[in-house]
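Heads up: the structure comes next, in structure tokens.
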Amino acid sequence: MDLLTMSTKELSRVEVMGRLQEKRLTQKEAGKILGISERQVKRLWKRYREKGVSGLVSRRRGKASNNRMMAETVQAAVDWLHSLYADFGPTLACEKLVEAHGLKLSVGSVRKLMIEEELWKPKKARKVEVHQMRERRACLGELVQVDGSPHDWFEGRAAKCTLLVFIDDATGRLGQLLFVESENFFSYCQATEGYLTRHGKPGAFYSDKHGVFRVNQPGAGASDVLTQFGRAMQALEIQIICANSPQAKGRVERVNQTLQDRLPKELRLRGISSWEAGNVFLPEYMDDFNRRFAVLPKSTHNAHRPLAAKDDLARLFMWQETRILSKNLTLQFEKVVYQIQTERPSYAMRKAAVTVCLDAQNNITILYKGKSLTYTIFHHQTKQSEVVQSKQIDQALINQSKAHKPAPNHPWKKGFAFPLPPSTDAPSKGDISTSRK
């Protein structure tokens, strides 16, 4: 007796054919049960009567699929995977094989090839962590999630840097990408200025609790104290909302992971090895990314607002602090004493409040009632210890190592002219000896 191998689908057909044979079902009812047409039931019934149960086994079993890949296509894909895309994920590798080399492959086929060639290891299913779901906002520009992603974006071809990411909550569209040295006030101002110029003013920015967005020092004053970036956003009527956890702003966190996987490979394929060239390429990359992954918003309304004539971004994105002039019309800012030069009587400006503005190029402007004042530098104070945030420690250490690097002819690098005398452990005559004779 031959042993037949049958699938669950074929076994269900055997049961239905048996009920047809016993005349407990009509062919129309059998078609509804099996989910096939009455005409197909007639064909199956004919084969069942002629060959029995074996007539219901698929005649394609054991034969090669008609949709199998051609051997030439498989060999070409394997060659390209080994030569250019060995460290790519299956999805990105499939996109490149289709777009750059014209190979018609599915993601599943590429994944299977990469597993067979030991270029990809199947990932084990992780334990799902349940977090409270939050639906996307309805309108484009209603909420924009922002974050910085430190990473070796150029894979050693350039210094490590941070990518600032702005992504729309409603559509998942990238609104701004910018390579910067680190997350700080001026870098976020530069990225925000690019976003506002390109899209307009969003309703709100959704960020983490970085010191750029929120005053984190306890006892720093009233609860309504703003950071420098918060002051600029308040003047532009853009709300800042800080998330309590990384999961709360999961959209920008997930896109950071996607960018860390895809963007360095794109930069490598295009031979880009500097921040400047990378920033030139980023608008093109954003358009391609949005074409692949962005979704349509629920509403067609665009919540972005155009920049007003009063929105002086160059002035708003300066670091601004208020100072009170002394009797001698001097003020202190960043360990430097500035002397105000004016033709009006000095008593007219004593105790006057002025605004000290610092731009990204370290240029100082002193404003009084909205007008710039002439000044001279009176005195530089001695540099003291600085307060550095946790995210800025790496950058501070890099700057310190550059500032204090000894010269090639420094005495420390010359070694000792004579060897040091050997040390002796024998006590001097005045020491007390506890040894027993």
- prompt: With no solvent and one point on each alpha carbon, what is the Debye value of log10 I(q)/I(0) for segment 71-116 at q = 0.19, 0.26, 0.30 Å⁻¹?
  reply: -0.45, -0.90, -1.28
- prompt: Does anything in segment 285-312 have its amide N under 19 Å from the 7 Å Cα→Cβ label point of residue 226, and if so which residues?
  reply: 305-312
- prompt: In nm, to one decimal, how far is the modelled label at residue 350 from the one at residue 73, with both set 7 Å along Cα→Cβ?
  reply: 8.9
message: If I take R0 = 25 Å and measure r between the Cβ atoms of residue 65 and residue 10 in this structure, what FRET efficiency does the formula 1/(1 + (r/R0)^6) give, to the nearest 0.05?
response: 0.90
field: Those residues of segment 334-355 whose amide nitrogen sits under 15 Å from the label point placed on residue 362, 7 Å along Cα→Cβ
entry: 334-337
- line: Stretched fully, the stretch from residue 46 through residue 29 gains (0.36 nm per residue minus C-alpha distance, one decimal, in nm) 4.5 nm
message: Give the average over all directions of the projected area of the C-alpha convex hull of segment 144-293, one decimal, in nm².
response: 9.1
field: Overall Cα dimensions of segment 1-83, principal axis frame, Å, largest first
entry: 63, 33, 19
- request: Name the long-range amide H neighbours of residue 208: under 5 Å, sequence gap of 5 or more, or other chain; modelled H, no Pro or chain starts.
  value: 243
statement: Along segment 282-292, Karplus-curve 3J(HN,Hα) (6.51, -1.76, 1.60; θ = phi - 60°) to the nearest Hz, with x for Gly and Pro, reads 4, x, 5, 5, 4, 4, 5, 4, 5, 5, 7
task: Work out from phi, with θ = phi - 60° and the Karplus expression 6.51 cos²θ - 1.76 cosθ + 1.60, the ³J(HN,Hα) of each residue of segment 35-44, listed in order in whole Hz, and give x for Gly and Pro.
output: x, 10, 7, 5, 5, 5, 4, 5, 5, 5
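Most exposed first by the Cβ proxy, i.e. fewest other Cβ within 10 Å, how do 375, 347 rank?
On the way: 375 19, 347 9.
Fewest to most other Cβ atoms nearby, the residues stand as 347, 375.
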statement: Listing 214, 292 by rising number of other beta-carbon atoms within 10 angstrom, fewest first, gives 292, 214
- line: Expected sort for 151, 304, 379 with the fewest Cβ neighbours (10 Å cutoff) up front is 379, 151, 304
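All of the numbers you see were taken from the coordinates with simple rules; none came from a lab. These numbers were taken from a predicted model, which means no experiment stands behind them. Positions of Cβ are generated from backbone atoms using ideal geometry, with glycine treated the same way; all protein chains shown enter the neighbour counts.
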